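Here the structure is laid out as structure tokens; the discussion comes afterwards.
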Amino acid sequence: MPVKVMFVQLASCWGCHQSLLDLHETLADVLPQLEIVFWHTVVDYKLHDVEKLPDGSVDVGFTEGTCKTEEDLHLLKLVLLPRKL
């Protein structure tokens, strides 16, 4: 069963996500083991996609950047609920 993961970018640059994508050959081995449920900087996910995730429905969440705006705070609160880790 794939691990459900979420990547969230708050107020930050694109560099960390670009670094992950630069590992494309290495990621090819790992991606079949993952189910990416939210990664709005890479895939066209919308805020309402996170809002409808049930609590505990995401195994691992990666959040990077600082919380500087009301929108960042709202997103941060949303992504904390569905994560198990």
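We did not get these values from a lab; they are worked out from the coordinates using the rules stated. Since the structure is predicted, the reported quantities are computational estimates derived from the model, not experimental observations. Every residue, glycine among them, receives a Cβ derived from its backbone with ideal geometry; neighbour counts consider all protein chains shown.
Using a cut-off of 14 Å between alpha-carbon atoms, which aspartates and glutamates can reach LYS46, once sequence neighbours fewer than 8 places away in the same chain are excluded?
Excluding near neighbours in sequence, the set is GLU71, ASP72.
For a protection proxy built on the mean count of beta-carbon atoms within 10 angstrom, sort 41-49, 53-61 highest first, please.
On the way: 41-49: 11.8, 53-61: 14.8.
In descending order of packing, they fall as 53-61, 41-49.
Amide H to amide H under 5 Å from PHE62: which residues, 5+ apart in sequence or cross-chain, H placed 1.01 Å off N in plane?
It is MET6, PHE7, VAL8, by chain and number.
Just order 18-30, 63-75 by mean Cβ neighbour count inside 10 Å, highest at the front, would you?
Details: 18-30: 10.2, 63-75: 13.5.
Final packing ranking: 63-75, 18-30.
Choose one of SER12, VAL42, LEU31: the residue whose Cα lies farthest towards the positive end of the charge dipole of region 3-80 (beta-carbon charges +1 Lys, Arg; -1 Asp, Glu; about the Cα centre).
Of the candidates, SER12 comes out farthest on the positive side.
Express as a percent, rounded to the nearest 5, the fraction of DSSP beta bridges in region 3-80 (both residues included) that run antiparallel.
The answer is about 10 percent antiparallel.
Quick one: work out Rg over Rh on the C-alpha atoms of region 7-47, Rh as Kirkwood radius.
Over the Cα atoms of region 7-47, Rg/Rh equals 0.97.
So which lysines pass the test for LYS52, namely a Cα distance under 20 Å, with those fewer than 8 places away in the same chain ruled out?
By straight Cα distance, LYS52 reaches LYS4, LYS77, LYS84.
With an 8 Å cut-off on Cα pairs and a minimum separation of 6 or more residues, tell me the relative contact order of region 3-80 in percent.
It comes to 53 percent, rounded to a whole number.
Using the scaling law 2.2 N^0.38 Å as the reference, what is the normalised Cα Rg of the chain? It would help to have the intermediate numbers written out before the result.
Numbers: Rg = 12.8 Å, N = 85, 2.2 N^0.38 = 11.9 Å.
Cα-based Rg divided by the globular estimate yields 1.08.
Report, in debye and to the nearest 20, how large the dipole of region 3-80 comes out about its Cα centre when Lys and Arg carry +1 and Asp and Glu carry -1 on their Cβ. Present the calculation step by step, with values, prior to reporting the outcome.
Details: 5 positive and 13 negative charges, 34 e Å.
So the magnitude is around 160 debye.
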